[in-house]
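Trainee: Quick one: this structure, given as C-alpha cells, is what I'll be asking you about.
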Amino acid sequence: MIDKKDEDGLLVEGLRAGEESAFRLLVEKYQTRAFSVAFGYIKDVEGAKDVVQESFIRIYEKIKSFKGDSKFYTWYYRILVNLCMDAMRKGKRTAAFSIFMVGESRNKEYNLNIRESEKEEPEKKYAAKVLSKKIENGLDQLSVREKQVFELKHYQGFRIREVADIMEIKEGTVRTLLHRAVHKLKKFLKDGGL
Amino acid sequence: MKNCRKIKNKLVDFYYKELAEEDTADVAAHIKNCPVCAIELKVISSVLEKISIIKRPKLPGSLYPLIKAGLEKRISSLAFKIWRAPFAVSFGLLIILSVFSNNQNISPVRKIEVCDELLVSIALRECCKNNVKTESLNLNILSDDVFLDENIRGL
Ligand SMILES: [Zn+2]
C-alpha cells in the first residue's frame, strides 16, 4: 500500500512528466483543504475559489522548481497562503461581507449551511450571528502565525506534528501559538458576553 | 502543583486527542486533582467548542474543470505571445531598416516615377545635356535600378 507521502511523490513525478491525470488527482486531493484555507483569509466563496484556481495553476507552472526536500503540501500551502495575502492586499476581500454573517452575499453555499442548522429554531439564528461576528473579529485579531496555526489545526484538522512540519516550526511553538490563540479568542468571546 | 507546567503544555493535545495512551491517563489523573489545570482545560474546551459551532462552507464541487480551463487559457495566451515575438521583432527590424534606408538613401525605389518610356528618355537626355541630376526633375518617375540603367544605356 502506498503511504500518503509516497502518493504525493508519485503524483508530483507524474505532473513533472506532464501527465494530466497526476495533476487532476493532486487538485482533487487538496482542493477542499485549499478552499478552506483560502476562505479563512478571503471570506468569500467566489474569491476563495479564484485563489484556489490560481494556486493550482501556479503548481502546474512551477512544479519543476519543487525540489522535493519538503512535503508537497508544505510547499503548496505556502504558495496558497501567499496568494491569499496578495488577494487581501489587492482589496479583493469584500469588506461588507463576513464569513459568518447571514445575509445576501455571494456565499450561497454557506448561507445554506446556516439556514439548514437553524431553521428549526429561528431565535438561535440571532445568537449564532452575534457569536459568529465575535469569532470573526477574534480570528482577525490573531497574529499571522497564530492564525495560520489555528487554521491548520482547528479548521483543517492537521495533527500538531503536521502543523509544525507545514510551518517549519517546532511542535512546542505550535502549542504555544495555539494556546495564545485560544486565550485571545477567549477574551473576545468574554468581552462579547459569550 | 509541581507538574502543572508540564501538564498545561499537553492540554491542547489532550483536547484534540493527540496524546499517547499513557500521557492521556497522566493528564486525566492530574486534572482530577488540580483545579488550576482543570479550569485551563475547561477554557480551551469552551473556546474551541464555541468556535466549532460555526461551520465553514464546503467547496460546492470540483474546481478541476475551472482550473484546467484557466490553465489552457494561460498556455494559449503564452503561445500567442511566443508566436507574436518573431513577428514583433521582424516588424521592428522593418521599421529600423526603413528609417536607416531613408537616411542612407538606399531605397530600391527612387523618387522618380516612370509613366512613359518616351518621357523618360526625353527627361534623361535633358539631364545629360544640362548636367542636371535626375532626382531634381519634377517628374514622377517610378523605376528601379535596372530600368534606369537600361534607359541610360540606351541613350
Ligand atoms: Zn495542575
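Trainee: From the residues in region B:7-34 that are near the ligand (Cβ under 9 Å from one of its atoms) and closer than 16 Å to residue A:175 by Cβ, which one is surrounded by the fewest Cβ atoms within 10 Å (Cβ to Cβ)?
Mentor: B:8
Trainee: Okay, moving on. Kindly list, by first and then second residue, each pair from a residue in region A:41-59 that is at pLDDT 95 or above to a residue that is not in a helix (DSSP H, G or I), limited to pairs with Cβ atoms under 6 Å and residues at least 6 apart or on different chains.
Mentor: A:52/B:63; A:53/B:63
Trainee: While we're looking at this one, here's another question. For residues that are over 10 Å from residue A:182 (Cβ atoms) and buried (at least 17 other Cβ atoms within 10 Å of the Cβ), scanning just region B:35-49, find the one that is nearest to the ligand (Cβ to nearest atom).
Mentor: B:37
Trainee: If I filter region A:42-58 for residues that are crowded, with 23+ Cβ neighbours inside 10 Å, in a loop (DSSP other than H, G, I, E, B) and among the acidic types (Asp, Glu), do I get at least one hit?
Mentor: Yes, that holds for at least one residue.
Trainee: Now for a separate question. Go through region A:172-194 and give me each residue that's more than 9 Å from every other protein chain (Cβ to nearest Cβ) and at pLDDT below 90.
Mentor: If the condition is that a residue be more than 9 Å from every other protein chain (Cβ to nearest Cβ) and at pLDDT below 90, then A:187, A:188, A:190, A:191, A:192, A:193 are the ones that fit.
Trainee: Based on what the data block shows, is residue B:65 surrounded by fewer than 12 Cβ atoms within 10 Å (Cβ to Cβ), within 15 Å of the ligand (Cβ to nearest atom) and more than 30 Å from residue A:125 (Cα to Cα)?
Mentor: In short, no.
Trainee: Exactly one condition in (1) on the phi < 0 side of the Ramachandran plot; (2) within 11 Å of chain B (Cβ to nearest Cβ) is false for residue A:64; which is it?
Mentor: Just one mismatch for residue A:64, condition (2).
Trainee: Next question. Do we have any residue at all in region A:160-171 that's closer than 19 Å to residue B:17 by Cβ, more than 10 Å from every other protein chain (Cβ to nearest Cβ) and crowded, with 19+ Cβ neighbours inside 10 Å?
Mentor: Yes, region A:160-171 contains at least one residue that is closer than 19 Å to residue B:17 by Cβ, more than 10 Å from every other protein chain (Cβ to nearest Cβ) and crowded, with 19+ Cβ neighbours inside 10 Å.
Trainee: Could you go through region B:40-60 and let me know if any residue there is over 22 Å from residue A:187 (Cα atoms) and part of a helix (DSSP H, G or I).
Mentor: Within region B:40-60 (the criterion being over 22 Å from residue A:187 (Cα atoms) and part of a helix (DSSP H, G or I)), the answer is no, since none of the residues qualifies.
The values are calculated or read from the model by the stated rules, or taken from the named source; none is laboratory data. Since the structure is predicted, the reported quantities are computational estimates derived from the model, not experimental observations. Neighbour counts run over all protein chains shown; Cβ positions are idealised from the backbone, glycine included.
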